[in-house]
Amino acid sequence: MADLQYYEGVGRRKTATARVRLYAGGESQVVVNDRPVGEYFPNPLAVMNMLEPLRAVGMEGRFRISAHVRGGGISGQAEAVRLGIARALLKVNPDLRLMLRNEGFLTRDARIKERKKPGLKRARKAPQYTKR
C-alpha cells in the first residue's frame, strides 16, 4: 500500500485536524483512523456531510479514502475530513476549483471557541449585578 499513488489534503475545523489521502483505483471505501467510516462516525448525517465534495463533482466511488483525524469532536472531525477531501480533489484535478469554491467546500470555517476573560464567568457571561 505504501507504493500506491495518492492525493493528500489537510483539513481543519475548530480543534480537529484531518490528513486525508485519496487513492485512485481499487474498490471504493472510506477508512477513518484505521476503522470503517460507519464505525468511527455513528451519525450517518456526519458521513453524508463529509463525502459531499465527492458528490458535488461527480466522483463518488472513484477513490479509496483514508483519513487520520485528531482533536475536536465528532462534527468538527467530520468537517475537517470534508475540507481535506476537497483539497485533495484539487490535486487530482485543479479544474474543479471553481465548482468546489462555489459550493463552499474550500472555505475553512474559522469559528473556534472564544477564550474566557478575567473577571467574567465564561467568555462573555458577567457575574450578576446587584445594586445593594
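Readers should treat all values here as calculations from the given coordinates under stated rules, not as data from a laboratory. This one's a predicted model, so the numbers in the text were calculated from it and none came from an experiment. When we count neighbours, we look across all protein chains shown, and the Cβ atoms used for this are built from the backbone with ideal geometry, even at glycine.
Remarks
- Spatially proximal lysines relative to Lys131 (Cα-Cα < 26 Å; intrachain offsets below 8 disregarded): Lys116, Lys117, Lys121
- Electrostatic dipole magnitude of the chain [Cβ: Lys, Arg +1; Asp, Glu -1; Cα centre; debye, to 20]: 1580 debye
- Basic side chains Lys and Arg get +1 at the Cβ, acidic Asp and Glu get -1 at the Cβ, and with that the dipole of the stretch 1-47 about its Cα centre reaches some 380 debye.
- Contact order normalised by residue count of the chain, Cα under 8 Å, 6+ apart, percent: 32 percent
- Dimensionless Rg/Rh of the chain - Kirkwood Rh, Rg from C-alpha atoms: 1.15
- Candidates Gly73, Gly61, Met99 compared by Cα position along the dipole of the chain: farthest toward the positive end lies Gly73, with charges placed on Cβ.
- Helical mean residue ellipticity (222 nm; -39500 (n - 2.57) per DSSP H run of 4+; nearest 500) of the chain: -8500 deg cm²/dmol
- At an R0 of 35 angstrom, the distance between the Cβ atoms of Leu4 and Lys113 translates into a FRET efficiency of 0.40.
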